[in-house]
Every structure is written in structure tokens, then in C-alpha cells.
Amino acid sequence: MEKTCYLVLENGAWFAGKSFGAQPASGGVAGEAVFTTAMTGYLETLTDPSYCGQLVVQTFPLIGNYGVIPADFESVRPRLAAYIVREWCRVPSNFRSEGDLDAFLKENGIPGLYGIDTRALTRTLRDHGTMNALLTEEAPPYGEELLERLRGFRQEPSVPLVTRQKAEAYGGSGPHVVLWDFGAKQNLIRELTKRGCRVTAVPSFTTAEELLALRPDGVLLSNGPGDPADNMDIVREAEKLFAAKIPMMGVCLGHQLMALANGAVTEKLPFGHRGANQPVKDLRTGRVAVTSQNHGYTVRPDSLPETASLRFVNCNDGTCEGIDYRNAPAFSVQFHPEACGGPHDTAYLFDCFLKLVNHAESEGFSCR
Amino acid sequence: MPVKQHLKKVLVVGSGPIVIGQAAEFDYAGTQACRALREEGLNVVLVNSNPATIMTDGAIADEVYVEPLTLPSLREIIRREKPDGLLSTLGGQTGLTLSMQLAREGFLEAQGVELLGARLETIEKAEDRELFKETMESIGEPVIPSLVVTEVGDALDFASSISYPVIVRPAFTLGGTGGGIAENEKELASIAANGLRQSPIHQILVEKCVSGWKEIEFEVMRDAAGNVITVCSMENLDPVGIHTGDSIVAAPALTLADKEYQMLRTAALNIISSLGIEGGCNCQFALDPESFRYAVIEVNPRVSRSSALASKATGYPIARVAAKIAVGLTLDEIQNEVTGKTMACFEPALDYVVVKFPKWPFDKFIYGCRRLGTQMKATGEVMAIGRSFEAAMMKAVRGAELSLDTLAMPKLAALTDEELRKKIRAQDDERVFAVYEALRRGQTIGELHRLTRIDEWFLAKLWNLAKMDRTLAEDPLTEELYREAKRMGFPDSAVRRLSGGELPPALPAACKMVDTCGAEFEAETPYFYSSLAEEDEALPFIRRRASGKPVVLVFGSGPIRIGQGIEFDYASVHCVMALKRAGYEVAIANNNPETVSTDFNTADRLYFDPLTAEDALRIVELEQPVGVVVAFGGQTAIKLTKPLAAAGVPILGTQPDGIDLAEDRGRFDALLESLGISRPAGRAVLTEEEALRAANELGYPVLMRPSYVLGGQNMIIAFSDADIREYMNVILTANPDTDVLIDKYLMGTEVEVDAVCDGEDVLIPGIMEHIERAGIHSGDSIAVYPAWNLSESLTEQLVDYSKKLAVSLGVKGLVNIQYVIHEGKIYVIEANPRSSRTIPYISKVTGIPLVDLAVRAMLGERLRDMGYGTGLAAPAAFHAVKVPVFSFEKLGGVDTQLGPEMKSTGEVLGIAPTMEEALCKGLLAAGYRIETDKGLLVTVRDSDKSEIAPIAAAFSALGCPLYATEGTAAVLRKAGLTVETVKKIHEAKKNTMTLLESGTVGCILSTSAKGRIPARDSVKLRRKAVELGIPCLTSLDTAGALASILGRHFRQEELEPIDIAKILPAKK
């Protein structure tokens, strides 16, 4: 019989469920509680380094249906603090499945909670905004002191925790793209190598000089976890890349860091965008695409400099989803064109990037 | 883009009568579309031959034509109305095909009408097998490889190139006779040879067999700017091989990894883009469970049954959005009604599971072939929403009205393991219950997967339910166990039965909202489903939005089945509208995804849950209504009366005692006696012995039926002791404890009255007379308004009887009374104090809003204050004829001979200034096509022989050569007619069957004393006619009416279309 386990929110609300996966450390596991509305792609979610340190709630109630498929992982191991579902599947079914979720979480030391009303939890997080939460085996009541501590909890800067420690090379003989890894999803590399690129993935702490010394044809600034403003050292390096006018594409955190490098401002969203159904409008064509997203912060469009223009906006809340730059052959998107999980509708942006990489001078700076 | 500039008036084509494969979903779609177009300021002209629809209401469209859906009638309406556009994609296959024909023949262009929703090339690309294949290949989407061959050798070569197994489909053989699945070369050689032999053109199609693959559907939308989205994915529990309409379907797809899901999603978007559809589209895929291989099975470039399901499953109104796109709007310009803030360009995220369960007609068609395959057989469906698959499945099963409250089907418990395996292999409508029984007996998921190819994931979920079933039976019922059982969807009745103990305290009612976004945004959708042991969102919603008005809860009619069709949804929806107008806040409960009533815009709140007593009471607990309404949802809602009343819930309208008085035979007989009204003599019996005694006392023929009937279920006319024995066995097997009623069968004229009563006064909008004599179920009879040969005194007497009955049953609202007039005397057959099948028909033709008046009467208003008068209303300006429509070609083994048990699935209406024209329109709309240059084959039972000659003579006069079997031929010759004698099937090699196959016969008139059992000659002959598409009449009265209409030589172009939106009630 599984142990009863509790999720305590910083506002004092708590949910009782059952424990699965690893046992939470004594004293519990604290972090920011966030929810994702994607209905498929839990393996990609679990292994997306951008969730580093977060307690991730799945709004879709049935998770683990197709088991564990290592080929679908987006990084070598999960980085999230805890995983919260309504129901995990004990008899998964898929021709590629190699096991169940419980075993996977145990192996990776990730505590899980199931059997709670995830919709009630999601509504709380939506109404209140993202909150810190504690996963614990300790039963209620929870004193004000604990809640105070929870409210004061601050996730340490996460990029250093998830970036690779040394450069690695992938792929073919085509244009050389440096992937600046802030916690990159594997599919960024796949999308590039699929297009014939030679990819060098470098750690987040690589300096602009080191990076340029690799003589890249383009730089892809990856996704990654946490508050973009925690990474001002990286931002300063990114400024130098703009000065070098090297073709660049930014995704998610990479997009935010490029904006910061251009003097724009980022701010926290009430409860972020996490899911596989976010509609985004391309202001240049008027076309709408459905995108995969995972971010808690956003770039304020009113803070963009003259040299940058808003290219994509979120159809639901009008927030910034992408920027075209004129001071370098560069563009960036807040959403995930590499998908995994989620729709592949914007994978064409990698083609745009390659066009920039190949014809930076002849075709001007922007991606059409 | 705004609405296309030149569009001012748009013609919407409906889908016609309800038939298997095309049901109420198109009323839902069409109604939404009309509303959406009118929101854009467009004038809407609607054509649909089906009167039992909301879309044909004057309030939905500007001009409404209940006219035959034929090319001549559509051309005439287009000429009169001169629309600027024709919306083709909302009327099912019927609407699409007609629109395509009008476009192809150049008529639309000549009239300056733009085809909206799908271009002609688009439709052709999706509908034409070869073009479709080419289009898919051009965009790299795999289709199921197939090749037409005429030699066994070619078949073998092709099969080895695509790998086994393969399916062989012979060309032009009916029901796929001569085809089969070949696993290897040897089998193929034999099947192909046989198939070629069977095919009249010596041709077979060899196709890669993908049965057993996963069947996945995507509902996708596209606008003219090229924006594309997916609304919903769906996964069939039953793998490829069973029609999706006959499959248990889950939404969203549940067993696909993101890689597979996105692969198919992308494919669906590529398909809709390449076809250039502007609107909605359904893409069906087969996916190999062992690899990433997939194939496109089918694409429907229109709204469909699946899109209705997807709309209800997600809250995304596909038809509404499709209609707006068709007139030029783009997805990012159309508002999402659910949030009221965001736009329609998004993809719903679900945080629940939806299960659709089909409703099959085999409880009625006991000799029908139950095996499921590529031909859909279900008449309707239920949908259930739960937070787990188990809970949704449990809700679906108990909502399907199978007398089950779990998946345990009692009769299967008696089977041996071997019989059970056989049952599972038979792949019939009860397969899932047989699988469940096998799991209960400890068979493994692996074994059952091998036997059925149902994905282990689904089997494991069924196993969870079976496990809970056993735990409840074996373990003490703790509060925790009870809670767990409730979360899994076990109703109290099942928990009580299985555990045998006292139930712990009830869990409080709790509902979740369907909000399209997984709670990401705050939504105000008044759309709920129950989810016990979780946070309730309904009560806070009710409080937050409280208007201060009293609340009324209306119960809908559940799944569409023979005998309880779309008419009851029509009435339920009108009841909701009337209550709203009367100043009430209205909640509705129903579980049929195809309907207008389950559009969350219909009532103030929608509860999508099963219509059982426990589920109903839970909604009552949340809503605390001042009263509930059961009178408009057919037998489904009426059945809730007793338990609701017992729980102290106030019933509005006719009181439970009045309902019981009408249903309880003893009480009803006593009432009739006290009123001095006759009914056919009869007895209630319990055993075969009693039945035989009663029948012999009354004298054959007698009418027999179980005491609780719906659409004449299991009702027959018995002519002999053998019939009594056969049917007592059938009835008592299904319901061992039921009373069986045996009545003297009177072969008279049947008339039907719908009336509104306020407790004192009665308003009868009109009297309907049936063309067929009593003995054919009223739902299968051609009904004519106004009655054409009732004397004044009989009419007066009918009005008097109806009033007396309505008042003494305490009717407040509607009552439907059926009478038979035999030798000048009126007998009551039955009285039902509720809405009936004929309500939409009679409301539309008389212009009297019956449901509205009934609701007002129910609320205490007096008829005399409503302005429509009392007593019998003056006849309307038009005659109207309702003609039943059947789905026999889809139901193998079912005898087409009409009788007291209802068999029709839908109906059409003909409206015209004269009865003959109305009848002609009705027959045309119902699809009667008689080729009078071909022969008429007559073979009738002895009791009909005395009347056959004049009818045959009428056909003969039209130029029809006559053919008859020996006895009938003798009668015809005696009457001076020329007739060719044909041998019966068992008599000779050249017989009636070969005559039909020869193509010389254009119509059959066949009646037989016996029938039903598929092995009988008469049944075989009628089935053959169905398979060959030859009209087969089984009532002399129908045949007589048809002959008289043919004799009038009406030209369709000359039958003037009538805009019923302009019909006003006759002034009193």
C-alpha cells in the first residue's frame, strides 16, 4: 500500500494523495508548483530541463499510459523536483515502452504524488498565481512558520544546474551551428542535424569569445529553466554576439536572454504558459499556429528597443511570443518550434534560421 | 477577413430523415450553423425533409422548407429564393452529395449561387476513391494499398508486394459476399478465385488488411487564410474492422505517445490543407500498434457524427465555427464562446476522458445479424465524461439503457468458458461485456488482447473494474472502499448488490466543468459532468450566477433508438425555451452527444450525465429546483418519475399518479369503463399457458406485448398458438417478471390525437389518420393531417373522448392518444401523458406551438388565456403527410414486413395544398422510386388475397407487368388481370429470387402470415429486395396509396415548395 503524501501550498491549502516514484526527502521537497495542460508528451515534460526544480502538475488526469520510452527523452534525466498526477498508469501499453512511470521516477529519485484532484489544484494555481509548494509525508496541520518558509523559498539559479559541462559535437558536414545550452532539449539538436548542420553544443558559461572562436555560421540560444534575470552574465556575452552580427535564433529562455541583451525587460507571468495548445499569431502574415510552450516569464513588448520588432504574439493574452532583430540577422521565439511534446507546426522556423545562416548577407536580416 | 461582401442570403441543406449513419447530429450542426449565419446578419433559407428537427423551426431560419431533398425540389427552391450561397457541409452525406450534384451540373453557377464550405474539387478529391488516393500520394500520406484485379495471379503478385494479410472485396456483390481475409498465398488463391466467380463483372479489390490496427480520428478545422487547428483526437476501443459508429470511442486518444500523436495530427493538418477545406474535416487513420506505420482510412470534408461528438467532448462548437468560416471569417476572428474572451483559433485541452457508447437496435430486431463490421448498425449513441476511463465507461454503459448498472451482463454469466470465447469472437454488440465477463473469470489481459486485438491499455481498465466488482463482493464495505468504488463510477445500486451491506453515508454531489482549456483560464461554460469525491464547481457557479429566478430541471431523452428519436429532443429543447420565456432558470440533463439539447447554449446549465435515478437525484441535490420536468424526454425521462417522486422531488405537469394511471393496465381499464370508453378486449398474463388460454378466448388474431413498451418493443400480432409460444419465449427471456398483455386485434382505421390539457380545458391541434390499418405501429404508418375520412360525429366523439381522458388522467401538458375505429366504433389503444413522436410534425403544420403551450399549462396558465382557443383547432391551410423511413439495408436478417413493432428510424413530411400532393411529396422525400415500366411482384398471405386485385389492377393500369406466386396469381387472374406466375424459392430453381435478380421487377408487394425468422422464404424474398434496392411494400394500404399517387402522374417540378416559416395558426 502506498504511503499518504501531501502537497502543501504557500497559501496554506493542502491536498492529500498517495506517494509514487521516489520517496520525498525528509522535510519534504519544496519548489514552484506549475501545471501543464498538454495531453500527451509526459516523457518529454519529465525530461525537459526547463522544469528544473519545479513541482509539475499534469492537468490531463491519465498519465503514463504509454509507459517509459527512452528514445523520447529530451535530456538524460528528469530535473523537476516532483511530479503530480491524478492517476498514473500501472499497465502501460506501447510497442516501445520499457517500463512504467513509478519505476522510472524511483530510478531517477523523483518523488511523485497521485490521487489528488489535480483540477482543483490547477484552479488554485490559476486563481492565485504560481505558488511555492511542499511535497511532504508529514500530515497537516501546517503551521504559519512552515508556510512563511515556503513563501520565502527561492529557487537557486537553475541554468548552471542543467547545462552541460563541456562542449560536444553532433551531426553532419553542413553549416556549423553552435547550440548555446542553457538546459537544451534534445530535439533542438535533432532539428539542426536533420537539416544537415554540424552542431557544437557548448555550456552556458561559454564566453562570447570562446563561442566565436568556434567560427560558427549561426548560434542557437536554447531553452532553459528559471528567471531569465538570474543570468545577467550570459546576457552580457549575448550582447557581444549581437555586436558580432552573427546569425542567431533564440528559443524560450534563449529568446528572453536575447531580449535582455537588447535592453528589453522580462517579467513574471501570473501562472505561465505550459502546454501544447497555445495559439500564436505571426503579425507579419496574420497566420496563427498552435505551439508548445513552457515558460513562466515573458518579454515586455513595450520595452523592446528600436532595433527589435514584435513578430509573434500569444492569441490568448497578447504576450510577446517572438521578436525579429534588425541589429543582427537574428530572431527568437518564446514558444518551442522543436515541439517534443507538442505540435510540429512551427518547425519551419528552423528552416528560416538556416536561411539566415546560409544567406545572412544576401537576404538581409529577417526571416521570411 | 469579414463576411464575404456579396453574401446576403444563404441556403442551408439539411440531412433529411434519421437513418442509421445519419442521425440527430446534423440537426445539432445545422441549428448551430443557422444561428451562426444569422449572427453575421445573413438571411438563412433552410431545406430539410425531416420535420422532427429544431433546425426546421421558424425561429432558427428565415425561410424554412420541409421539402423532399431531391434535385428538382432544391432547384425549385433556389429559383424561388435566389440565395447567394449554398452551405453544403452541414447536412451530412445527403447534403454534401446534393450540393455537389447541383454544382457539377452547372445549376449553381447559372443561378449565381456560390458553393460554400467546400469547393467542388475538394469534395471530389475526398469522395472519389482514385482521386483521393492520388491526392494523398501527392502529399506523401499513406493510404491503404489496394489494387483492382481480374486474375488470381495478379492478386497473388500484388499481395506479395504489400505483405499478408490482405482483404479480398469482390466488385458489385452485396454485403461483401465472396470476400474474405487471406493470411497467406494458399488462402488468397482460393478466396480470390471464389470472389472472381461471385463478382458479376469478374473483378476483385485486393487490399492490405489493417484490421486490428488502432483506429484514430482527428477533427480538424481550416479557414480560408490557411490557419489550421485540431479540435479533438479520438481513439476507438475497437480496433480497425468495426465501423467507428459501432465502436466504443474514447476522447482524447489515450494510448498514443506524443510521437505517434503528433505524427497523425500533422498528417490530418496536411490533409485538410491539401484538400483546401474551409471548415471542418474528419480524418480517420489506422495505426499499426507495433510500429509508426499508419494509413489514412477516410476523410470526410464536412461536419459529421464524429464532429458532433468532438464538439460535445471538448466544448468547441465545430459546426458554428465551420459555418462562420464558410462565409469568409477566419479562425482568429471568431470568438470562443466558452471563454468569451479568446478566439476560436486554439486547440482544446481536456482534463477528463470521454467515452462514447453506441446504441444498437438489436433489442427490437432479435433476428437481426448482430455481428459488427464495416457497415454501421447503431441508431444512436451516448457519451459519458469522467475523470478516469473507468468512471466514463461506467457512466456510458448505464446511460445506454441496457438495464445494466455495471459491465456485468447477467446472461453471460451462464456461458461456459468456451461459449464465452465464441461470443467474444463473434464480434457483436455485446463483445465488451463478454470481455468483461472473461476478465472477471480470471482470463488474462494478454489472452483477451490476442482474441480481440483491443489494446491492453483498455483491457487493463476493464480489468480494474472487474477487480473492483470482486473486491466489493469479497471485502467489507469500508468508507474508503465505497469512496474508491464511487470514484470508479459504481452506482449505489451496484455497490449495494455486490457488497450486500449497508452503504456508508452518501458522498456529496460534485460536478466539474467542461471548459476547453484544462482549467488554464477561467471559463463560464455552463457545462458540467459529475465527478464524485472531488471539488464541486457547479454549486459555486450556480450561486455566482444566481439570477434570483426559480430553477427548473428538465430531463432529456437519452440515446436515439427506434421508437424514441429526435422528436423527443425537439420537445425537450422547446420545453427549455418555453421555461426560459416563462421566467425560469433552466438546467437540462441528457447524455446524447448528437443533440441540440446537449448544446451548452440551450439551457442555462447542462449536465452531461446518465439519466438514471441516482444520477438524476445528484443533479437535483445541486440545483434544488422548484420542480423537474419528465414529460418531454420520452420513456427515458418518464421512467425517472417514480424514484424522483419517492425522493420528494416535485414533478411539474402531469403528476406521477396520472402517469401510473395511464400505464397500469388495471387502473386504466377501470378508468375507461368509468368514462364509458371502449378498448379492445384483453388480458394480462404471466406464463405461456395463460397466454394461450387468453388468446384462444379472445380469438385470433391477437396483439401481444410486454406491459412496459417502447416503440412497440417485442410487440407482435399472433395468428396461432405457435406464434404465442415463440414470442412468450422471446419476451420472458428478456424480462422474466413482466406482465404480457394480450389484446383482441381489431383491423380498423387508426387515428392519433395529440392534445394540450391544462387540467380542465383541452386543445387539440388536429387529428391524424393513418393510411395503414391498425396493426402497423403508429411510428411506421403514414400519418395524414387532417384526417380525411372521419365523419363529423366520429370527430366530435374523438374530441370528447380525448378531453375526458386528458382531464381524468390529470394531464397538465401534453397527452398522445391512439384510437382504432372498427366498424364505426371508437376504441382507445393507449394514452400517454407526455410528448409524442408527432409533436414536431403537428406543431409545424398547424403553426400552434404545442410544447410552449404545454409548458405554460404545466406552470399553471389556462389554455383559454393563451390565445389558441380550446377544443379542436380549425384545420390549417395545408395538408401534411408523415412518411416513415427505414434503415433495413443496414440491418442484415431483419424482416421488413411491418407490424405492431416499430421498425422505422426516421420520418419525412410532405406539405401541400392537397392531400394527394402532400402524400406525393412525402413518398418522394422518403425515397420511394417506382419504375412503372418494370414489373410488380405480388405475393400475399391468404387474409390479404380478397383485397389484392384492385391494387394490382391499379399498377397494371400504369403499365406495370404483374408477377405473382401461385395462390396470388390465381386470385389476380380471376379478376381478369394478366399475370405471370413465379415459383416460390423452395419450389424451383427459377423462382422469385432469380426474378428479382434479373432486374425486371421494379416493386414488390409481399405480405406473409409469418415472417421474422430469416430462414423463411418470405423474409428471404423481402431481404433480397432490400439488398437490390427494390421498393418492397408490406401493407396493402401503403400499396394502394402509392398506386393512387402514381396514377396522378405528378411532376415533381410542379409541386410547389411551401415556406413553413410563414404558416400561422388558423384563427379561432
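Taking interchain pairs and intrachain pairs at least six residues apart, which have beta carbon atoms under 6 angstrom, with the first residue in the range B:507-534 and acidic (Asp, Glu) and the second at pLDDT 95 or above?
From residues that are acidic (Asp, Glu), the pairs are B:Glu520/A:Thr37; B:Glu534/A:Asp117; B:Glu534/B:Ala510.
With (1) touching a helix residue (DSSP H, G or I) at 6+ places or on another chain (Cβ under 9 Å); (2) touching a residue at least 60 places away in the same chain (Cβ under 8 Å); (3) buried (at least 23 other Cβ atoms within 10 Å of the Cβ) as the list, and A:Pro157 as the residue in question, which single condition is left unmet?
All conditions pass for A:Pro157, except number (3).
Part of a loop (DSSP other than H, G, I, E, B), of a type outside the set (Ser, Thr, Tyr), free of Cβ contacts under 8 Å to residues at least 24 places away in the same chain and within 14 Å of chain A (Cβ to nearest Cβ) - does that describe any residue in the range B:306-328?
We begin by selecting, within the range B:306-328, every residue part of a loop (DSSP other than H, G, I, E, B); these are B:315-317, B:327-328.
Next, from what is left, pick out any that are of a type outside the set (Ser, Thr, Tyr): B:315, B:317, B:327-328.
Next cut, free of Cβ contacts under 8 Å to residues at least 24 places away in the same chain only: none.
Checking the range B:306-328: not a single residue is part of a loop (DSSP other than H, G, I, E, B), of a type outside the set (Ser, Thr, Tyr), free of Cβ contacts under 8 Å to residues at least 24 places away in the same chain and within 14 Å of chain A (Cβ to nearest Cβ).
Within the range B:150-203, restricting attention to residues that are part of a strand (DSSP E or B) and among the small types (Gly, Ala, Ser), which residue is farthest from B:Glu889 (Cα to Cα)?
So the first thing to find is which residues in the range B:150-203 are part of a strand (DSSP E or B), and the list is B:166-170, B:180-182.
In the following step, the residues that additionally are among the small types (Gly, Ala, Ser) were identified as B:180, B:182.
Numbers: B:Gly180: 21, B:Ala182: 27 Å.
Filtering the range B:150-203 for residues that are part of a strand (DSSP E or B) and among the small types (Gly, Ala, Ser), the one farthest from B:Glu889 (Cα to Cα) comes out as B:Ala182.
Take A:Arg300 and tell me if it is touching a Cys at 6+ places or on another chain (Cβ under 9 Å) and among the basic types (Lys, Arg).
Values: touching a Cys at 6+ places or on another chain (Cβ under 9 Å): yes; among the basic types (Lys, Arg): yes.
Answer is yes for this residue.
Out of the residues in the range B:843-858 that are within 18 Å of B:Glu585 (Cα to Cα) and among the charged types (D, E, K, R), state the one that is farthest from the chain's Cα centre (by Cα).
B:Arg856
Just one of B:Thr122, B:Thr56, B:Thr94, B:Thr135 is out of contact with any Asp or Glu (no Cβ under 8 Å at 6 or more places or on another chain) and assigned to a loop (DSSP other than H, G, I, E, B); which is it? Write out each step before concluding.
On the way: B:Thr122 fails: assigned to a loop (DSSP other than H, G, I, E, B); B:Thr94 fails: assigned to a loop (DSSP other than H, G, I, E, B); B:Thr135 fails: assigned to a loop (DSSP other than H, G, I, E, B).
Among B:Thr122, B:Thr56, B:Thr94, B:Thr135, only B:Thr56 is out of contact with any Asp or Glu (no Cβ under 8 Å at 6 or more places or on another chain) and assigned to a loop (DSSP other than H, G, I, E, B).
Can you list the helices (runs of 4 or more DSSP H) lying wholly within the range B:454-534 that have 1 or more residues being within 14 Å of chain A (Cβ to nearest Cβ) and crowded, with 16+ Cβ neighbours inside 10 Å?
Here the list reads B:456-474, B:479-487.
Can you tell me which residue in the range A:263-322 is nearest to the chain's Cα centre (by Cα), limited to those that are among the aliphatic types (A, V, I, L, M) and within 15 Å of A:Pro337 (Cα to Cα)? Don't jump to the end; show me each part of the working.
Of the range A:263-322, the ones among the aliphatic types (A, V, I, L, M) are A:264-265, A:269, A:276, A:280, A:283, A:288-290, A:299, A:304, A:308, A:310, A:313.
Then keep just the ones that are within 15 Å of A:Pro337 (Cα to Cα); that gives A:276, A:280, A:288-290, A:313.
On the way: A:Ala276: 12, A:Val280: 17, A:Val288: 21, A:Ala289: 19, A:Val290: 17, A:Val313: 18 Å.
Applying the filter and picking the extreme gives A:Ala276.
Out of B:Met383, B:Met394, which single residue is modelled with pLDDT of 95 or more, part of a helix (DSSP H, G or I) and hydrophobic (A, V, I, L, M, F, W, C)? First the steps, then the outcome.
Numbers: B:Met383 fails: part of a helix (DSSP H, G or I).
The unique qualifying residue is B:Met394.
In the range B:974-991, which residues are of a type in the set (Lys, Arg) and farther than 15 Å from B:Leu962 by Cα? Outline the logic, then answer.
Taking the range B:974-991 and keeping what is of a type in the set (Lys, Arg), we get B:974, B:983-984, B:989-990.
The answer is B:Lys984, B:Lys989, B:Lys990.
If the requirement is being away from every other protein chain (no Cβ under 13 Å) and either in contact with a Ser or Thr (Cβ under 8 Å, 6 or more places away or on another chain) or closer than 30 Å to A:Gly99 by Cβ (or both), which of these qualifies: B:Ile216, B:Ile162, B:Ile181, B:Ile191? Even if it seems obvious, please write down each step before you answer.
Values: B:Ile216 fails: away from every other protein chain (no Cβ under 13 Å); B:Ile162 fails: either in contact with a Ser or Thr (Cβ under 8 Å, 6 or more places away or on another chain) or closer than 30 Å to A:Gly99 by Cβ (or both); B:Ile191 fails: either in contact with a Ser or Thr (Cβ under 8 Å, 6 or more places away or on another chain) or closer than 30 Å to A:Gly99 by Cβ (or both).
Just one listed residue meets the conditions, B:Ile181.
As an exercise: evaluate B:Arg302 against (1) within 27 Å of B:Val514 (Cα to Cα); (2) within 14 Å of chain A (Cβ to nearest Cβ); (3) part of a loop (DSSP other than H, G, I, E, B) and give the number of the one condition it does not meet.
(2)
Just to check your reading of the model, which residue among B:Ile1004, B:Ile1030, B:Ile951, B:Ile1013 is under 27 Å from B:Pro900 (Cα atoms), in a strand (DSSP E or B) and of a type in the set (Val, Ile, Thr)? Before the answer, list the steps.
Working: B:Ile1030 fails: in a strand (DSSP E or B); B:Ile951 fails: in a strand (DSSP E or B); B:Ile1013 fails: in a strand (DSSP E or B).
On inspection, the qualifying residue turns out to be B:Ile1004.
Which of the residues belonging to the range B:571-585 are surrounded by 24 or more Cβ atoms within 10 Å (Cβ to Cβ) and either closer than 22 Å to B:Lys364 by Cβ or among the aliphatic types (A, V, I, L, M) (or both)?
Once the filter is applied, which keeps residues that are surrounded by 24 or more Cβ atoms within 10 Å (Cβ to Cβ) and either closer than 22 Å to B:Lys364 by Cβ or among the aliphatic types (A, V, I, L, M) (or both), the range B:571-585 yields B:Ala571, B:Val573, B:Val576, B:Leu579.
Within the range B:47-59, does at least one residue satisfy the condition of being modelled with pLDDT of 95 or more, more than 19 Å from the chain's Cα centre (by Cα) and either closer than 23 Å to B:Pro317 by Cα or surrounded by fewer than 23 Cβ atoms within 10 Å (Cβ to Cβ) (or both)?
Yes, the range B:47-59 has at least one match.
Could you pull out the residue among B:Ser291, B:Ser211 that is assigned to a loop (DSSP other than H, G, I, E, B) and away from chain A (no Cβ under 11 Å)? Quick ask: steps written out before the conclusion?
Values: B:Ser291 fails: away from chain A (no Cβ under 11 Å).
Sole residue among the options that is assigned to a loop (DSSP other than H, G, I, E, B) and away from chain A (no Cβ under 11 Å): B:Ser211.
Taking the condition of being surrounded by 24 or more Cβ atoms within 10 Å (Cβ to Cβ) and either farther than 25 Å from B:Ala670 by Cβ or at pLDDT below 95 (or both), how many residues in the range B:778-809 meet it?
Of the residues in that region, 8 qualify.
Restricting the range A:232-255 to residues that are assigned to a helix (DSSP H, G or I) and touching a Gly at 6+ places or on another chain (Cβ under 8 Å), which is surrounded by the most Cβ atoms within 10 Å (Cβ to Cβ)? Spell out how you get there, then give the answer.
Of the range A:232-255, the ones assigned to a helix (DSSP H, G or I) are A:232-243, A:253-255.
Narrowing further to those that are touching a Gly at 6+ places or on another chain (Cβ under 8 Å): A:253-255.
Numbers: A:Leu253: 31, A:Gly254: 29, A:His255: 28.
Among residues in the range A:232-255 that are assigned to a helix (DSSP H, G or I) and touching a Gly at 6+ places or on another chain (Cβ under 8 Å), the one surrounded by the most Cβ atoms within 10 Å (Cβ to Cβ) is A:Leu253.
The rows are residues; the columns are (1) part of a loop (DSSP other than H, G, I, E, B); (2) within 18 Å of B:Leu1005 (Cα to Cα); (3) in contact with a helix residue (DSSP H, G or I) (Cβ under 8 Å, 6 or more places away or on another chain).
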| site | (1), (2), (3) |
| --- | --- |
| B:Val851 | no, no, yes |
| B:Val855 | no, no, yes |
| B:Ala876 | yes, no, yes |
| B:Pro900 | yes, no, no |
| B:Gly910 | no, no, yes |
| B:Thr932 | yes, yes, yes |
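The values are calculated or read from the model by the stated rules, or taken from the named source; none is laboratory data. Fair warning: this is a prediction, and the values are worked out from it, not measured in the lab. When we count neighbours, we look across all protein chains shown, and the Cβ atoms used for this are built from the backbone with ideal geometry, even at glycine.
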